[in-house]
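Nothing in this text is a laboratory measurement; each read-out follows from the coordinates by a stated rule. Just so it is clear, the structure is predicted and the values come from calculations on it, not from any experiment. All Cβ positions, even for glycine, are placed from backbone atoms using ideal geometry, and neighbour counts span all protein chains on display.
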Amino acid sequence: MSKSKLRHISTSIVASFYASILWAQDNVVKRDSSNLDVTYFKDNFKDNYSGNDFNYSINDTGGINLIQRILRSFFTWLGDTFGFDIDWLDYQTLEYIVYGLLGVIVLYLLIKFLLQSPISSVFKNEDKAIEGFTYVEENIEQVDFDKLIKKAIKQNNFRLATRYMYLKTLKVLASKQTIEWHYDKTNSDYLNEIKDSKLKSLFKRVSYIYDYVWYGEFPIDEVSFNKNKDDFNQLIKTTKHG
């Protein structure tokens, strides 16, 4: 190999080496030597972000519902108007309080409705109350039996009408002091108190009819009732005009 050719190869190698060095220098990131401006947070900077507007927590219900939004808007307006802090308010607790108040209102309206309806008139209206067996038996001196008998007959309830006829008989006997009425006395007790033999016989007859129809629970039609009613009316008439 000639000297000129070797020189050419050497020159090419050296040129390539320097070219690679220059390329590497161009691709190295230059160091930034400029001064840094450092900013520090204030000690109480978190207080500016502690209000409800910066509360991004998710509650168990999946977010704030309509009731809580209404409460928040109302108390926010109230706080802004009168200048007091409302961040301490727990809107979920307030929501439960609202539900409780609504429940009390509904209960009050329900009770008020029941007191004004015919259902409650049993406690306020004697005409309704006397239809209860307990009231009738314990207060025969205050009961209009003729009215109850007519109503039972109109309803074809001749068994109940027979019961009212019997209680009416006791009322008349007690008013004439033939017996001393008391709601827990038996027919035998009253029979022993009756001194007049005719009245005793008539009372024994109507007592048998009453026991047969009411306690025996035997069906009775209008014809049978009218026949039995004559026996009751005869006892009542005899007692009044004894």
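Among the residues of the range 168-188, those identified as in a loop (DSSP other than H, G, I, E, B) and touching a residue at least 24 places away in the same chain (Cβ under 8 Å) are LYS176, THR178, TRP181, TYR183.
Restricting to the range 215-235, name every residue that is in a loop (DSSP other than H, G, I, E, B) and over 15 Å from LEU160 (Cβ atoms). Steps first, please.
Of the residues in the range 215-235, the ones in a loop (DSSP other than H, G, I, E, B) are 216-221.
Scanning the range 215-235 gives no hits.
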